[in-house]
Amino acid sequence: MLDFLLTSDAIMALITLTFLEIILGIDNIVFISIAANKLPEEQRGKATNIGLLLAMAQRIILLFFVSFLVGLSEPFYTFKSSWLTAAISWQAIILFVGGLFLIYKSTSEIREKVETPSHDEDNVKSKVIKSLSQAITQILIIDFIFSVDSILTAVGMTNGLHPNSNYTLILMIIAVIISIAVMIGFANPIRKFIDKNPSMQILGLAFLILIGFMLITEAAHLSHTEFFGKSVGAIPKGYLYFAIAFSLFVEFLNHRTTKKKS
């Protein structure tokens, strides 16, 4: 197990996944803050911390559930036609639907942030919260909505890293724990940084589109899909890591250039 966690692929996956979990969790932090701020001053910190810890537990449970479904790799139906062949399994279905969901969710979020950036915040502000239990319930509902793309991102980044799915599950759990711990400790500084640099969140959503496309091709590869006699190959994870690292480097240069001009 330790040998796997110390491999370059596992370390790159952990760093990239933790970064994406934090970037994707910014909206979560904002909404949790809005919900907690409706409580008396002495209860706000408690509501935020309890909410984030329960959110971590919720995500780990979802990871077990999704990983179990992804592990069902035996095909239960084979489709054959003159131009398309596919051996359909639950693993392929989960990855394919998850990829479509990430692409849809990411493009919708990018469009919403560009056109109506305060839409979601206004919805949360309009909800009435009178007690700590109500605030925590609201936080859990908010987190569940954001957990789906987070879990699918984790599956997409780690699927196929190791033949033993338990190893990749542990890697995903570690990334979730680290990201939640960072959000608990540095929620406000991270939120302020993203407010000053909103392009970072757009960049994170753009990465989700890449991961969604990768999940779709992975589903086609694992189901041995053939189009007109040509089989679909898997996209190497290294391409994704390079795209993310290059994009972050360009964003860093852009940030430095803008800072110097100001």
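Answer yes or no as to whether residue 219 is within 27 Å of residue 83 (Cα to Cα) and touching a Phe, Trp or Tyr at 6+ places or on another chain (Cβ under 6 Å). Taking the combined requirement at face value, the residue satisfies it. Are any of the residues in segment 228-235 touching a Gly at 6+ places or on another chain (Cβ under 9 Å), surrounded by fewer than 15 Cβ atoms within 10 Å (Cβ to Cβ) and farther than 18 Å from residue 21 by Cα? Taking every residue of segment 228-235 in turn, at least one turns out to be touching a Gly at 6+ places or on another chain (Cβ under 9 Å), surrounded by fewer than 15 Cβ atoms within 10 Å (Cβ to Cβ) and farther than 18 Å from residue 21 by Cα.
Residue 118 meets the conditions (1) at pLDDT 80 or above; (2) of a type outside the set (A, V, I, L, M); (3) closer than 23 Å to residue 21 by Cα in every case but one. The failed one is (1). The residues listed here are 62, 84; of these, the one that is touching a strand residue (DSSP E or B) at 6+ places or on another chain (Cβ under 9 Å), in contact (Cβ under 8 Å) with a residue 24 or more places away in the chain and aliphatic (A, V, I, L, M) is 84. Of all residues in segment 132-172, those being in contact (Cβ under 8 Å) with a residue 24 or more places away in the chain and farther than 24 Å from residue 219 by Cα number 9.
Residues in segment 143-158 that are touching a helix residue (DSSP H, G or I) at 6+ places or on another chain (Cβ under 6 Å) and farther than 20 Å from residue 206 by Cα: 1 in all. Scan segment 81-110 for residues that are of a type outside the set (Gly, Ala, Ser) and under 18 Å from the mean Cα position of the chain (by Cα) and the total you get is 13.
Counting residues in segment 65-74 that are acidic (Asp, Glu) and over 19 Å from residue 132 (Cα atoms) gives one or more. Of the listed requirements (1) of a type in the set (Ser, Thr, Tyr); (2) at pLDDT below 85; (3) over 17 Å from residue 15 (Cα atoms), residue 153 misses just one: (3). Among the residues of segment 65-78, those that are free of Cβ contacts under 8 Å to residues at least 24 places away in the same chain and not acidic (Asp, Glu) comprise 65, 68, 72, 76, 77, 78.
The set of residues in segment 239-253 being of a type outside the set (A, V, I, L, M) and touching a residue at least 24 places away in the same chain (Cβ under 8 Å) consists of 241, 247, 251. Is there a residue in segment 187-202 that is modelled with pLDDT of 85 or more and within 26 Å of residue 98 (Cβ to Cβ)? The answer is no, given that none of the residues of segment 187-202 is modelled with pLDDT of 85 or more and within 26 Å of residue 98 (Cβ to Cβ).
The values are calculated or read from the model by the stated rules, or taken from the named source; none is laboratory data. Worth saying up front: this structure is predicted, and the values here are computed from it rather than measured. Don't worry about glycine lacking a Cβ; one is built from the backbone with ideal geometry, like all the others, and counts go over all protein chains shown.
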